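Q: Would you mind keeping the following structure in view while I ask a few things?
The values are calculated or read from the model by the stated rules, or taken from the named source; none is laboratory data. Just so it is clear, the structure is predicted and the values come from calculations on it, not from any experiment. FYI the Cβ positions are ideal-geometry reconstructions off the backbone, even for glycines, and counts take in every protein chain you see. What goes into the accessible areas is simple: the full protein's heavy atoms, side chains included, and nothing from ligands, DNA or RNA. Shrake-Rupley method; radii C 1.70, N 1.55, O 1.52, S 1.80 Å.
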Amino acid sequence: MPEREENLLLMRLLDEQYTRTPFYGTRKMTAWLQTQGYEVNRKRVRRLLRLMGLEAIYPKPRTSVPGLTEQRYPYLLRGMSITRCNQVWSCDITYIRFQRGFIYLMAVIDWFSRYVLSWEISVTLDTSFCLEALDRALRVATPEIFNTDQGVQFTSAEFTTRLKAADIRISWDGRGRALDNIFVERLWRSVKYEEVYLKDYQSVPDAVSNLRAYFLFYNQERLHQALDYQTPAQVYIGH
């Protein structure tokens, strides 16, 4: 059932505030909304954050509940020097608003070049759209290590089986560690501040069209200071 107008407004506000202060839990988010004049309780805020895929547990935004799986994988990147393309890939999911609704966006990024290898959207937090984006990225190249959080989409047998079949080492973020997937977190801030918040998408097709244009700009034209003012495409394709 679609969310009513007031909840959609609250979700827009929560999304913007979370992007500014991802360390806010449900208590601070509730208090912040109250300072903005909205009479909300913590239970309502918690439900909306979960619907958005944001488990507001310091310090890591959770786009899904942790997956239940017998096989566990360690975080492999602590202290590692990232020196080449396709050494490490990561992916994540974020909430994208439009005027009267929302979608979820998943992207796969190369750590060294910041190049976005693939992306996909969905109206639900299922696993299938993540698998589609993964398959599309693996048609470009194969990474040595693939790092994700421990959400159900990424800990699923379907997702991990694809990685193992390609002889990719699997790395999982430590629970509650915001910096374990820092390059994806920076990507989401860029997407939202440079694209989503500047526009008011009217529909899913409108969102998809604009996101497609943004990712083309991000890969091919957007200069990154950390890349010596080159674009992700120049670094990724040049290496």
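Q: Could you figure out which of (1) part of a helix (DSSP H, G or I); (2) touching a residue at least 40 places away in the same chain (Cβ under 8 Å) isn't true of Q202?
A: Looking at each condition in turn, Q202 falls short on (1).
Q: Considering the range 20-38 alone, what residues qualify as being assigned to a helix (DSSP H, G or I) and either open to solvent by 20 Å² or more (accessible area, probe 1.4 Å) or closer than 15 Å to R50 by Cα (or both)?
A: Filtering the range 20-38 for residues assigned to a helix (DSSP H, G or I) gives 20, 26-35.
Selection gives R20, T26, R27, K28, M29, T30, A31, W32, Q34, T35.
Q: If you don't mind, there's one more thing I want to ask. Taking interchain pairs and intrachain pairs at least six residues apart, which have beta carbon atoms under 8 angstrom, with the first residue in the range 18-42 and under 22 Å from T94 (Cβ atoms) and the second open to solvent by 20 Å² or more (accessible area, probe 1.4 Å) and among the basic types (K, R)?
A: T19/R189; T21/K28; T26/R42; T26/R46; T30/R42
Q: Continuing with the same structure: Determine which single condition V196 fails, assuming it passes every other condition in (1) surrounded by fewer than 14 Cβ atoms within 10 Å (Cβ to Cβ); (2) among the hydrophobic types (A, V, I, L, M, F, W, C); (3) at pLDDT 95 or above; (4) over 18 Å from S90 (Cβ atoms).
A: Every listed condition holds for V196 apart from (1).
Q: From S156, S171, S190, grab the single residue that is among the small types (G, A, S) and touching a strand residue (DSSP E or B) at 6+ places or on another chain (Cβ under 9 Å).
A: On the way: S156 fails: touching a strand residue (DSSP E or B) at 6+ places or on another chain (Cβ under 9 Å); S190 fails: touching a strand residue (DSSP E or B) at 6+ places or on another chain (Cβ under 9 Å).
Going through S156, S171, S190 in turn, just one is among the small types (G, A, S) and touching a strand residue (DSSP E or B) at 6+ places or on another chain (Cβ under 9 Å): S171.
Q: A further question follows. When you look at I82, is it aliphatic (A, V, I, L, M), open to solvent by 10 Å² or more (accessible area, probe 1.4 Å) and more than 18 Å from the chain's Cα centre (by Cα), yes or no?
A: Against the criterion (aliphatic (A, V, I, L, M), open to solvent by 10 Å² or more (accessible area, probe 1.4 Å) and more than 18 Å from the chain's Cα centre (by Cα)), I82 qualifies.
Okay, residues lined up against (1) under 17 Å from L211 (Cα atoms); (2) at pLDDT 95 or above; (3) open to solvent by 40 Å² or more (accessible area, probe 1.4 Å); (4) in contact with a helix residue (DSSP H, G or I) (Cβ under 6 Å, 6 or more places away or on another chain):
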site	(1), (2), (3), (4)
Q99	yes, no, yes, no
M106	yes, yes, no, yes
V123	yes, no, yes, no
K164	no, yes, yes, no
D173	no, no, no, yes
